[in-house]
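Working notes, structure below.
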Amino acid sequence: MVELEAPVALEIERLMDAVEEFCDSPPPATGAERLARLIHSRRAIDRLELKFSQDSASFAATDEYETQGSVSPIHCIRLSCNMGSGAVGDRLAVGEQLNQLPESGQAMVEGEIGFAHLALIARTAIAIADAAGPAKPSFDEIALLEKAREFSVGKFRDFCHHARHVADPEGYAEGEAQGVEARSLTLTAGQGGMVWLRGLLDPEGGAAVRSALEPLARLSGQDDHRKRDRRLGDALVESAHRLLDGGQLPQMATQRPHLQVTTTLETLLGRAGVPAADVEFSPMPISAKAVERLACDCNVTRILLGADSAVIDVGRSKRVINPAQKRALNVRDKGCRWPGCDRPATWTSGHHLVHWTKGGPTDLPNLVLLCHRHHRMVHEGRWQLVKTAGGQLLTVPPPFGFSCQRARGPD
């Protein structure tokens, strides 16, 4: 902890006493009064942020950060004040540009804009000042300030990006290229075989991923109580399955990428006391129930092993539901047959009402289309799809009571 000189220490002590007194006060009685206090306390915080910004710029003008063993003023302030690099950068930008932004600084003091608006104006001023080329554009503080008074912080941020592009389109494009170079994604196996994802995408790349996931992350019926983060996770997995099923990925080792499951016949049949199944790239085996679901609509290759686990024979790969049957299913069902689900046929796979490993035939009367989520609910979730004597489909929830819903029939 750096020691303070007596006058500065006295100022900080008075400030902290006032802050403590304010923090110990009870909330006002009415909602309107509480909102008013929020507004005025935010103005006070912004005013302190402005002073902090001025002090940060004053500190950055010294070489004290080297004395403290830091590599830059931002690094020193970040560590000393428990802040993020972006937050420190905003305050340094405001402190360094404040003399060039008199109208904006005064507007913030008077509560017309917030500190976040002021930081965006300062960042934009720096970006325009750094624009390359002989015809360097001039910075128009008033034009930005007028929009800051009008726009929310989020909308004003977009306006500032447009202003940067107008001033320096080449520099803006260069920044985009740097964002693409910064893309990264790591997948790490955690406890219990769960996979942790950590990544960074540029704005365009992030928009492309969100555009692909959002349609798959919609609620799929009245029984869908998943939170949004769960739906986005399911959407990512479903999009990967769809990409694999489409067969349009580049070949690897003379074949299209696919989800490869290796299992014994006993596991496939779901018999007691059998081992789990192995999946390529999975950090742990999968259950017999998961194998049963994946086997509903897949290619099956028979491999015979000898007593010493040597391969004796490899049969030809055979599609469980052939392409002609899948086309007929798509025409008949038009999409997922689960009640209330609007997933189209291209987002579904074929499901055996009586699984083929249990003697169910692979013909149209024993097949229905289900989306990825509802297919999992039937197999691992222990829901049942039952066809009545009249040909109607009913969904029966676990633990298989009498409450059921009529599944959507083919149009």
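Just so you know, all these numbers are worked out from the coordinates, no wet-lab data involved. Since the model is a prediction, treat every value here as computed from it, not as a measurement. Positions of Cβ are backbone-derived with ideal geometry, glycine not excepted, and every protein chain shown enters the neighbour counts.
Quick one: among Trp383, Trp196, Trp356, which has the greatest mean-square fluctuation in a GNM of the chain with alpha-carbon springs under 10 angstrom?
Trp196
In square nanometres and to one decimal, what's the mean projected area of the convex hull around the Cα atoms of the stretch 6-180?
Over every viewing direction, the Cα hull of the stretch 6-180 projects on average to 13.3 nm².
Helix by helix through the chain, keep the DSSP H runs that span 20 Å or more along the axis on Cα and average at least 0.0 on Kyte-Doolittle, and give those back in order.
Details: long enough: 6-24 (27 Å, 0.32); 31-60 (42 Å, -0.40); 115-129 (21 Å, 1.75); 153-167 (21 Å, -0.42); 228-246 (26 Å, -0.73).
Correct list, ordered by number: 6-24, 115-129.
Of the listed values [x] 33.2, 114; [y] 31.2, 91; [z] 20.7, 75, identify the label whose number matches Rg and Dmax of the Cα atoms in Å calculated from this model.
Computed from the coordinates, Rg and Dmax of the Cα atoms in Å corresponds to [y].
Give a quick list of GluC sites (Glu not before Pro) in the stretch 1-30 that DSSP marks as loop, anything other than H, G, I, E or B, with at most 11 other Cβ atoms within 10 Å.
Details: sites: Glu3, Glu5, Glu11, Glu13, Glu20, Glu21; in loops: Glu3, Glu5.
Taking the stretch 1-30 and a limit of 11 other Cβ atoms within 10 Å, the loop GluC sites (Glu not before Pro) found are Glu3, Glu5.
Could you list, in their original order, any pairs among Lys358/Lys387; Lys334/Lys358; Lys326/Lys358; Lys289/Lys318; Lys289/Lys358; Lys289/Lys387 whose Cα atoms are separated by more than 25 Å? Don't skip to the answer; put the middle values down first.
On the way: Lys358/Lys387 16 Å; Lys334/Lys358 27 Å; Lys326/Lys358 21 Å; Lys289/Lys318 21 Å; Lys289/Lys358 13 Å; Lys289/Lys387 21 Å.
Pairs exceeding the cut-off: Lys334/Lys358.
With both partners inside the stretch 321-406, how many of the DSSP beta bridges are antiparallel, as a percent to the nearest 5? Display every interim value, and only then the final one.
Working: 12 of 12 bridges.
The antiparallel fraction comes to roughly 100 percent.
Over all directions, what mean area does the Cα convex hull of the stretch 321-406 project, stated in square nanometres?
On the way: hull surface 22.7 nm².
Projected area, direction-averaged: 5.7 nm².
Taking N as the number of residues in the stretch 1-98, what value does Rg over Cα atoms divided by 2.2 N^0.38 Å take?
Details: Rg = 16.4 Å, N = 98, 2.2 N^0.38 = 12.6 Å.
It is 1.31.
Which residues in the stretch 173-191 have a backbone N closer than 18 Å to a point placed 7 Å from the Cα of His165 along the Cα-to-Cβ line?
Under 18 Å, as judged by backbone N against the label point of His165, lie 173-180 of the stretch 173-191.
Would you please state which residues of the stretch 175-197 a label at Val209 would reach in this model, taking the label point 7 Å out along Cα→Cβ and a backbone N cut-off of under 11 Å?
183-187, 197
Counting only Cα atoms, I'd like the Rg/Rh figure for the stretch 77-189, Kirkwood definition for Rh. Working shown, then result.
On the way: Rg = 15.9 Å, Rh = 15.4 Å.
Value, to two decimals: 1.03.
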